[in-house]
There are 2 protein chains.
Amino acid sequence: MKTVKISEAVVRRLPIYLRFLNELSKKNVYTVSSQDLGVKLDLNPAQIRKDLAYFGEFGKKGIGYDVDYLIEKIRQILKIDKVIPVALVGAGNLGRALCNYNAYLKDNMKIVAVFDELESKVGESINNLKVKPMRELKTTIQELNVRIGIITVPATEAQNVANQFVEGGVEAILNFAPIIIKVPNEIRVHHADFTAELQSLAYYLD
Amino acid sequence: MKTVKISEAVVRRLPIYLRFLNELSKKNVYTVSSQDLGVKLDLNPAQIRKDLAYFGEFGKKGIGYDVDYLIEKIRQILKIDKVIPVALVGAGNLGRALCNYNAYLKDNMKIVAVFDELESKVGESINNLKVKPMRELKTTIQELNVRIGIITVPATEAQNVANQFVEGGVEAILNFAPIIIKVPNEIRVHHADFTAELQSLAYYLD
DNA sequence: TAGATTGTTAATCGATTAACAATC
DNA sequence: TAGATTGTTAATCGATTAACAATC
């Protein structure tokens, strides 16, 4: 039932479940228990059952979960059962890496437009997409129905790009720039911050 | 006092504080309150004070925190007050992006070696580093005292690379491959998983 | 039927926030 | 002195885990 608010922690685990289930499906494994999943994903089985139970009764007592059925369900929950058009700003090294990294294509996230501020980058081809100038951002993402924006520009530009995404009607943003960007409440922002990730790792060194 | 166990959530916020403090310092701001920090970083001021108080009394009542002093302290806490040698495996797009992205250099994380399995990649130069073959991994990281390993290879190779890192004596791993890797308990692993990040964003679309 | 495993409640654990005395 | 802000305790809130009846 969607009446209970689903916590962010739960939502973040769903893609992890999905990925592993996809692997199982490829190996023609038809059924999986929360126990199995827990061992493989380093998670408590009770937590996995509880996470899934927020969205429905997907398992069978005494049996476990049907792999393909659960895949279908999680994809529906995550709303990636249809293609989601994504745009990316910043055709630098990281931007190019993300464009070429089409692993998410099979999960219906499709980068349909790439933009860069630099005239020298405009017109370049990345993975069959021509880099467009920033001035075309708003009209292009509206035309292409872009729903998620990815930011891979330097920190100094990130807020500006975010503003343009919001103006263009994007509903969510994945920000790789090392800065906290501010957007209206109804826009969802995730920060992919590997400098922070790396630094927090250092804490655990002896 | 280090007797209390510091939670992961706290450690993950420290780099965020640090980054913003660095910005303030560059702007010649000498003092900052938990209030100020909270507004800028979208965090509760009490939480910030509590986070910092785990490690000492860094502030002055009625005044706030001395920016440069707090920077120094957080860098000590994160153990990035001296250079930490890092190695990276996987000279693909993402790997190259991370190598060139030397923003973490100023925070003492230094990529000192890059490896790739493909003979065709070996010998290439990335940001003044020659890509080395995998067979040299163990000896090289031991010679260079590498303490953190970054994995940017395909999922199928990730566990294998992780094992080699562990054998070579690395203490922590940042894994970009979309798979949960298993390592001995004493090794710290963080997963930088932007496919998962992107997919969980989709959940929040209307 | 016996064994396995779910869905769910209750218990536990941990993290965040509010409040305020101490003090600059 | 008055105002501001810390460090810290206590209260609240939320997330994880254990336990078990239901049932395949």
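The values are calculated or read from the model by the stated rules, or taken from the named source; none is laboratory data. Just so it is clear, the structure is predicted and the values come from calculations on it, not from any experiment. Cβ coordinates were reconstructed from backbone atoms using ideal geometry, including for glycine residues, and neighbour counts include every protein chain displayed. Ligands, DNA and RNA are excluded from the accessible area calculation, which covers all protein heavy atoms including side chains. Shrake-Rupley method; radii C 1.70, N 1.55, O 1.52, S 1.80 Å.
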### Message
Are there any GluC sites (Glu not before Pro) in the range B:137-202 that are in a DSSP loop and have at most 15 other Cβ atoms within 10 Å? List them by number.
### Response
B:186
### Query
Cα centroids of the range B:125-149 and the range A:144-201: how far apart, whole angstrom?
33
### Query
What's the angle, to the nearest 10 degrees (0 to 90), between helix A:8-26's Cα axis and the longest principal axis of chain A?
70
### Task
Using the Cα centre as the reference, give the magnitude of the dipole from point charges on the C-beta atoms of the range A:38-120 (Lys, Arg: +1; Asp, Glu: -1; all else neutral), rounded to the nearest 20 debye.
420
### Message
Between A:16, A:80, A:150, where does the largest GNM mean-square fluctuation fall for chain A, given springs only between Cα atoms within less than 10 Å?
### Response
A:16
### Task
Determine the total buried accessible area between chain B and chain A, counting protein heavy atoms only with a 1.4 Å probe; round to the nearest 100 Å².
5700
### Cα-centre dipole for the protein assembly as shown with unit charges at Cβ (Lys and Arg positive, Asp and Glu negative), debye to 20
600
### Query
Mind checking Rg over Rh on the range B:84-197, alpha carbons, Kirkwood formula for Rh?
0.92
### Task
Roll a 1.4 Å probe over the protein heavy atoms and report the accessible area of residue B:182 in Å², nearest 10.
80
### Query
Averaged per residue, what accessible surface does the protein assembly as shown expose to a 1.4 Å probe, in Å²?
49
### Summary
Where a ≥ b ≥ c are root eigenvalues of the Cα gyration tensor, a/c under 1.5 meaning rounded, otherwise prolate if a/b exceeds b/c and oblate otherwise, the protein assembly as shown counts as rounded
### Task
Please state the charge dipole magnitude for chain B, taken about the Cα centre, from unit charges on C-beta atoms (+1 on K and R, -1 on D and E), reported in debye and rounded to the nearest 20.
660
### Query
How do A:96, B:75 stack up against each other in accessible area, from largest to smallest, with a 1.4 angstrom probe?
A:96, B:75
### Task
Would you rank B:66, B:116 by solvent-accessible area, highest first, keeping every protein chain in place and using a 1.4 Å probe?
B:66, B:116
### Task
Quick one: work out the % antiparallel among DSSP beta bridges in chain A, nearest 5.
20
### Task
Starting from the amide H of residue B:114, placed 1.01 Å from N in the peptide plane, find each other amide H under 5 Å away whose residue is 5 or more places distant or on another chain.
B:88, B:132
### Task
List, in order, the whole-Hz ³J(HN,Hα) value for each residue of the range A:51-58 obtained from phi through the Karplus relation with A = 6.51, B = -1.76, C = 1.60 and θ = phi - 60°; use x for Gly and Pro.
3, 5, 5, 4, 9, x, 9, 9
### Query
Is the range B:8-77 best put as rounded, prolate or oblate by its Cα gyration tensor, with a ≥ b ≥ c the root eigenvalues, rounded for a/c under 1.5, and otherwise prolate when a/b is larger than b/c, oblate when not?
rounded
### Message
At 1.4 Å probe size, what's the solvent-accessible area of residue A:39? Round to the nearest 10 Å².
### Response
90
### Set A:40/B:182; B:110/B:132; B:5/B:79; A:106/B:121 screened for pairs whose C-alpha atoms are more than 19 Å apart
A:106/B:121
